[in-house]
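Below is one structure, written out as structure tokens; comments come after it.
Every number in this text was worked out from the coordinates using simple rules, so none of it is lab data. Since this is a predicted model, take the numbers as computed values, not measurements. Glycine gets a Cβ as well: all are built from the backbone with ideal geometry, and neighbour counts include every protein chain shown.
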Amino acid sequence: MRVSSKRQPPPAPQRLSPLIDAHTHLDACGAKDADDVHAIVDRAAAVGVTAVVTIADDLASARWVTQAAEWDPRVYAAVALHPTRADALTDAALECGGHQQHGQ
């Protein structure tokens, strides 16, 4: 996991009852790849978080969170399009399953 040199993660809290983090943004936590996702989820697991739901609110993050869910079985993806980004849902985006082609 890449951690900014300016800010270190806070210390881990006491172990929680087993729970699921139902709203997180792993990409906003600094995750860029499978190793980062595993590291973040491992850190959460150390304090009792058994699974996480990582949220997407635009087309680019929708692709990323579904990939993150494939990288780690403890990660679930929630995909939505935020109303302020509704203009991104074009006919072309629908035809390619939300995957924008370069230059579109």
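Exposure proxy shown here: for D72, D35, the number of other Cβ atoms within 10 Å sets the order, fewest to most, as D35, D72.
Our coupling estimate for segment 23-31, obtained by passing each phi through the Karplus curve with A = 6.51, B = -1.76, C = 1.60 and θ = phi - 60°, is 7, 9, 10, 4, 5, 6, 7, x, 5 Hz, Gly and Pro reported as x. Dipole magnitude for segment 19-95: computed about the Cα centre from +1 point charges on Lys and Arg Cβ and -1 point charges on Asp and Glu Cβ, it is near 240 debye. For G48, nonlocal amide neighbours, meaning residues 5 or more places apart or on other chains whose placed amide H falls under 5 Å from its own, are L16. Here the Karplus relation 6.51 cos²θ - 1.76 cosθ + 1.60, evaluated at θ = phi - 60°, turns the backbone of segment 68-80 into coupling constants of 4, 5, 6, 6, 9, x, 8, 9, 10, 9, 10, 10, 8 Hz, with x for every Gly and Pro.
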